[in-house]
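The values are calculated or read from the model by the stated rules, or taken from the named source; none is laboratory data. Please read these numbers as outputs of a predicted model, since none were measured by experiment. For neighbour counting, all protein chains shown are included, and Cβ atoms are generated from backbone atoms with ideal geometry for every residue, glycine included. Surface accessibility is based on the protein's heavy atoms, side chains included, excluding ligands, DNA and RNA. Shrake-Rupley method; radii C 1.70, N 1.55, O 1.52, S 1.80 Å.
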Amino acid sequence: QVQLVESGGGSVQAGDSLRLSCAASGKTLSAYAVGWFRQAPGKGREFVARVPWSGGSAIHAAAVRGRFTVSRDKAKKSVYLQMNSLKPEDTAIYYCVADERPTGGNLGRPEIYDYWGQGTQVTVSV
């Protein structure tokens, strides 16, 4: 069992930055992949970023590549999403996620993720 709790969302202007945090508790995350999804108003859940907990290359969705960076602090059991150059289209609820048995496939499918946080709202205005 893994619990995920997001924080750090808020309302900002276009071009601003935010850093989302996700506090993890429960089982060790050493074999997991962790990351972020988002859900904009009227849309389904969209893959944002993912990285193996133990280390390795991160994957970022094309829509955020070069602007967002996923990372993790093993000592704090926390996952982060640094969001720079925010755009109005980034407005969404952002969810921290964990994949217990990462085996590849279509990483953008919400169904492959075993644990989800409650979400934190990010609003970007012009």
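Just the number please: accessible area per residue for the chain, 1.4 Å probe, all protein chains included, in Å².
Normalised by residue count, the accessible surface of the chain is 49 Å².
Can you list the equivalent-ellipsoid semi-axes of region 1-50, largest first and in whole Å, using the square root of 5 times each Cα gyration tensor eigenvalue?
24, 14, 10
For the chain, go through all pairs of different Cα atoms, get the mean of 1/r, take its inverse, and jot down that Kirkwood value in Å.
14.4
For LYS43, give me every one of the lysines with a C-alpha distance below 18 angstrom, ignoring sequence neighbours fewer than eight places off in its own chain.
Partners found: LYS87.
Out of the total accessible area of the chain (probe 1.4 Å, heavy atoms of protein only), what percent is carbon and sulfur?
The computed percentage sits at 49.
If the cut-off is a Cα-Cα distance under 20 Å, which lysines reach LYS74, setting aside same-chain residues fewer than 8 apart in sequence?
LYS27
Based on the mean of other beta carbon atoms within 10 Å per residue, what is the order of 43-53, 17-27, 1-11, most packed first?
43-53, 17-27, 1-11
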